[in-house]
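Any read-out appearing in this document is the output of simple, stated calculations on the displayed coordinates, not a laboratory observation. None of these values were measured; they are calculated from a predicted model. Using ideal geometry, Cβ is built from the backbone for each residue, glycine included, and neighbour counts are taken over all protein chains shown.
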Amino acid sequence: MKLAITRPLAFLDLEATGLTIGFDRIVEISVVKVSPSGERSTLTQRLNPEMPIPAVVSAIHGITDADVADMPTFKQFAPALLNFFGNSDLAGYNSNKYDIPLLVDEFIRAEVDFDFRSRRLIDVQNIFHKMEQRTLAAAYKFYCEKELVNAHSAEADIFATLEVFESQLERYPELNKDVDFLHKFCSMNNNVDLAGRIVMNDKKQECFNFGKHKGKTVEEVFAKEPSYYDWMMQGDFPAETKQVITALRLRKFNGA
């Protein structure tokens, strides 16, 4: 890989019970960690989500309740996963919007400290969409001239993502082969939380990005409608989003 990295870069892909961050759970994770020397190591594990996997979802990724009944829960697996990540930066396909928020939610739920904010994030889909506007299977065919076999298997998808990323670096000379540059290039929004429910406006104020208060500052809404905070805390919002709004609420109380 012709990429300047000073610490490992971990490519990850998740299969889950669904797509709702804050509700759904991981059933399989696969990580390919690339070290600065170019050495690669892989960790793939199925997990018991402690909730039923809908049949419509099993039909997509092929993982059923029976397949994960005897697998460890995320909380049981979390220490080994955290150890495998080490100080790695993170990469994946649509990872900034889905895999990383879902992973962070699982770590929070397991009460394991996972400091994602100190890590650079590279989303191969964001590079692809900015350059070509396609899907993973099309990206694999376009960049690697191969058909994606066994799609929606976490390991197959993440190896394909890694190959696509390597081809992108070769194809586009304007992409600096530097993690800091790619981290900024892949940031397509001004999110305050990973799920994008809270965003920063032009005045550097945290604002709601959904619902009846979209565009209003968090501080303004919580001042005029304190119950909105309670409603969010009781709802199916991602745990990390709840941490963000709690920090913003406390900041106001503390006069920051």
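Here are the numbers:
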| read-out | value |
| --- | --- |
| For the chain, built as a Gaussian network whose Cα springs stay under 10 Å, the top-fluctuating residue of 12, 175, 162 | 175 |
| Extension gain from residue 142 to residue 80, taking 0.36 nm per residue of separation minus the Cα-Cα distance | 18.8 nm |
| J(HN,Hα) series, the stretch 148-158, from Karplus relation 6.51 cos²θ - 1.76 cosθ + 1.60, nearest Hz, glycine and proline x | 7, 8, 6, 4, 6, 8, 4, 5, 4, 5, 6 |
| Residue among 16, 52, 176 farthest towards the positive dipole end of the chain, charges placed on Cβ | 176 |
| P(r), alpha carbons of the stretch 59-158 - 5 Å bins starting at zero, rounded % | 2, 11, 16, 20, 19, 15, 11, 5, 0 |
| Under 26 Å from residue 75, Cα to Cα: lysines that are on another chain or at least 8 residues apart | 33, 97, 242 |
| For q = 0.15 Å⁻¹, Debye-computed log10 I/I(0) when each Cα of the stretch 158-218 counts as one equal scatterer | -0.63 |
| Estimated Rh, the chain: Kirkwood, alpha-carbon pairs, angstrom | 19.5 Å |
| Note, ³J(HN,Hα) from phi for the stretch 6-11, Karplus 6.51, -1.76, 1.60, rounded to Hz, x at Gly and Pro | 9, 9, x, 10, 9, 8 |
